[in-house]
Amino acid sequence: MGLRTSLYDTHVLQGAKIVDFGGWEMPLHYGSQIEEHHAVRRDAGMFDVSHMGVIDLQGARVREFLRSLLANDVGRLKISGAALYSCMLLPSGGVIDDLIAYFVSDTRFRLVVNAGTRDKDIAWIRSHAEGFAVSTVLRADLAIIAIQGPNAREKTVALLPPPQRAAALELRPFRGTAFDSWFIARTGYTGEDGFEVMLPAVDAAQAWNALLAQGIQPAGLGARDTLRLEAGMNLYGNDTDENHHPLESGLAWTVAFEPGDRDFIGRQALQSARLADGGNELVGLLLEDRGVLRSHQKVVVAGSAGKAGASAAPLLGEVTSGTFSPTLNRSIALARVPRTAAPCVQVEIRGKLHAASIVKPPFVRHGKPLIPV
Amino acid sequence: MSDIPSDLRYSKSHEWLRRRQDGAVEIGITDHAQSALGDLVFVEVPDAGRSLKAGEACAVVESVKAASDVYSPVSGQVIAANEALATKPELLNEDPYGEGWLFRIQAVSPADGSLLMNAADYAKYLADEAE
């Protein structure tokens, strides 16, 4: 038997098809993955993401510790509840994990990390925290429910006492706040507005059912994947991993090189990579033909025109995540390709080459296609 | 519980086979298979005229999550493929034994179909597989 969240029995009662995800028994869908996807784009859906790791850090030097541990700069976080997306790097620049850091107080931060990387993350964090006298606690007592969609916030705050509703609705993007035992943040992984709520695991089933009564559609990992890919967001293990640095994973925007005297783990490797010519980048792909792009398919690219001495052999890239986009009704992907790639490429699907275009993600945001199809 | 019509034959890889009045055999995937795959978004069927051997991968059904091969349960030549699935792959989810048929074969020996499971055996096979 795999690991189960506190909502496992609720999912089964509500008809979920359960699959293994990194050792966790999680809902793939509750009937139709595509309907769940559309519910999030058009109204509101909710996901159990309690398998993600919540790690609380405490210590007088906790900010200094995280400024050394993370590639993005938590020094930017000034207001309690403010959140920051960051990579945690190896000295080589490879990505150990991508995570969200919440600033709680001058002595306390909270990290939310991926389920599949949780154990290695904690080991890595603890091995570096000792030198800063920072304590780490894995909050296995918490559940996380992500409520996403244009109507998600309005429907969620109906569960709060009236005085707290306005405060929750006033939260700006990437801000969170505590209400009694709940922590509500205006964050997500779908390209829609919404909340992620951390709450005691013992209260999760009751909260889930109350959200269901508000007309929020339960949604599984299947819809979560198509939504995040349409939103152009990376999935750790597919688009981001220890063998690739953030600059070749579409995550340059998450690396804070300034101030220049902040010496975070992986900085030197990234500075060298930034100065080097060539290399790869992560791009979006739109398949021109019918069919479905899938991870590990080969991408055949032509180099930039007129490059003297370029060999006749085609350059190759690889699809890192591919799926069918329910919003665009076309197949889309993220792919790692040489920086010199011309905008028209071919992807090998079952031995045949199919035309695809390089596009700039996101593909969809706030219910609207951003890519002409 | 998935739907298993009694007048069809079934393979272990979850294809169904129907003997038609005109002597051809029609092939599709079962209700159990479409349900396990989830929402289908792309179907690739074999071209008419193609010769198939029993057990040969000859069609692909793709759900949002994954691609799966479909195997021909009998040997023969493809005489028709369901072109409607190109634009409406969801027919396979909605009506797997009817409008969601995949292709028709002129079988080398149509009697080979009777070597496949009948409905009762397929129901038992599914029950055993679920354990």
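What follows is calculated from the coordinates using simple rules that are stated; it is not laboratory data. Please read all numbers here as calculations on a predicted model, not as lab measurements. Positions of Cβ are generated from backbone atoms using ideal geometry, with glycine treated the same way; all protein chains shown enter the neighbour counts.
For this structure, a couple of remarks:
- Fewest-first ordering of A:Met46, A:Met233 by other beta carbons within 10 Å of each residue's beta carbon gives A:Met233, A:Met46.
- Positive minus negative residues near B:Ala66 (Lys, Arg vs Asp, Glu; Cβ under 15 Å): -2
- For the peptide A:349-359, the mean number of other protein chain Cβ atoms found within 10 angstrom of a residue's Cβ is 1.
- With neighbours defined as other Cβ atoms within 10 Å of a residue's Cβ, the residues A:Trp182, A:Trp253 order from fewest to most as A:Trp253, A:Trp182.
- Derived scalar couplings ³J(HN,Hα) [segment A:49-56; Karplus, 6.51 cos²θ - 1.76 cosθ + 1.60; whole Hz; x for Gly, Pro]: 10, 5, 6, 5, x, 9, 10, 9
- The mean number of Cβ atoms from other chains found within 10 Å of a Cβ in peptide B:36-43 is 5, as a whole number.
- Virtual paramagnetic centre 7 Å along Cα→Cβ of B:Leu115, amide N under 16 Å, in segment B:36-75: B:52-57, B:71-75
- Sorting the segments A:1-12, A:121-132 by their residues' average number of neighbouring beta-carbon atoms within 10 angstrom, most packed first, yields A:1-12, A:121-132.
- Each Lys or Arg adds one and each Asp or Glu subtracts one; over the other residues with Cβ under 9 Å from the Cβ of B:Val41, this totals -3.
- Viscosity 0.692 mPa s, temperature 37 °C, Stokes-Einstein D of segment A:230-373 from Kirkwood C-alpha radius, µm²/s: 203 µm²/s
- Dividing the summed helix terms, -39500 (n - 2.57) for each DSSP H run of n ≥ 4, by the number of residues in chain B produces a 222 nm estimate of -5000 deg cm²/dmol to the nearest 500.
- Centre separation in Å (Cα based) which lies between segment A:76-107 and segment B:112-131: 54 Å
- Of every Cα-Cα pair in chain A, the percent that sits beyond 32 Å: 35 percent
- Top of A:Ala205, A:Ala213, A:Ala302 by mean-square fluctuation, Gaussian network on chain A, Cα under 10 Å: A:Ala213
- For segment A:51-90: rounded, prolate or oblate by the Cα gyration tensor [a/c cutoff 1.5]: rounded
- Segment B:1-65-segment B:83-105 distance, computed between alpha-carbon centres (Å): 9 Å
- When chain A is treated as a GNM with alpha-carbon contacts under 10 Å, the residue of A:Val347, A:Val137, A:Val49 showing the greatest mean-square fluctuation is A:Val137.
- Shielding of A:285-295 by partner chains, average beta-carbon count, 10 Å: 2
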